[in-house]
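A.B. asks: Sending over a structure as C-alpha cells; questions will come in a sec.
The values are calculated or read from the model by the stated rules, or taken from the named source; none is laboratory data. Source: prediction; values computed, not measured. All Cβ positions, even for glycine, are placed from backbone atoms using ideal geometry, and neighbour counts span all protein chains on display. Remember, those area values only see protein heavy atoms, side chains included, never the ligands or the DNA or RNA. Shrake-Rupley method; radii C 1.70, N 1.55, O 1.52, S 1.80 Å.
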Amino acid sequence: MVEADALLIESSQRLAESWPPGFDLDSDPEWRHKEGELSAAYWSQDPGRVRAVLELKERLALRLFASARKAA
C-alpha cells in the first residue's frame, strides 16, 4: 500500500499543476468511472495496475482540462 499511496500522491501533484481554477472533474462520468477503476486497483495492492490506471486518469484529466480552457 505504501507504493500505491506514493503513486497517488505523485499523480495528484502532477494534476494540481495543470488544474484549471474551479474545474470539477467529478462532474465527468468517464472520470467517475476511472475513479472506480482506481479504487479497485488500489485495493488489489498491485502497483503495476495502480500505475496503469493513474496514467489513464491523468491523460483523461489533461484532455478535460484542455477542453475547459478552450471553452473559456
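A.B. asks: Taking the full set of protein chains and a 1.4 angstrom probe, give the accessible area of Glu55 in square angstrom, rounded to the nearest 10.
C.D. replies: Counting only protein heavy atoms, the figure is 90 Å².
A.B. asks: What number comes out for accessible area per residue over the chain if the probe is 1.4 Å? Units Å², please.
C.D. replies: 65
A.B. asks: Ignoring any ligand, DNA or RNA, what whole percent of the accessible area of the chain comes from carbon and sulfur when the probe is 1.4 angstrom?
C.D. replies: Accessible surface attributable to carbon and sulfur in the chain totals 55 percent.
A.B. asks: Separate question: Would you mind counting up the charge near Arg51? Only other residues with Cβ under 15 Å from its Cβ, with Lys and Arg at +1 and Asp and Glu at -1.
C.D. replies: -2
A.B. asks: Radius of gyration and Dmax for the chain's Cα atoms, expressed in Å?
C.D. replies: That works out to 12.5, 39 Å for Rg and Dmax.
A.B. asks: For the stretch 46-53, what does the Karplus curve 6.51 cos²θ - 1.76 cosθ + 1.60, with θ = phi - 60°, yield as ³J(HN,Hα) per residue in whole Hz, taken in order and with x for Gly and Pro?
C.D. replies: Along the stretch 46-53, the couplings run 10, x, x, 5, 4, 4, 5, 5 Hz.
A.B. asks: Tell me, what ³J(HN,Hα) does each residue in the stretch 54-64 have, in order and in whole Hz, if you take phi through Karplus 6.51 cos²θ - 1.76 cosθ + 1.60 with θ = phi - 60° and put x for Gly and Pro?
C.D. replies: Computed from phi, the couplings for the stretch 54-64 are 4, 4, 5, 5, 5, 4, 4, 4, 5, 5, 5 Hz.
A.B. asks: Can you tally the net charge around Glu35? Count Lys and Arg as +1, Asp and Glu as -1, for every other residue whose Cβ sits under 14 Å from the Cβ of Glu35.
C.D. replies: Details: positive: Arg32, Lys34, Lys57; negative: Asp24, Asp26, Asp28, Glu30, Glu37, Glu58.
Around Glu35, the surrounding residues sum to -3.
A.B. asks: May I pose another question? Tell me which of Ala40, Ala66, Val53 sits at the most positive position along the dipole axis of the chain, charges placed on C-beta atoms (Lys, Arg +1; Asp, Glu -1).
C.D. replies: It is Ala66, whose Cα lies furthest towards the positive end.
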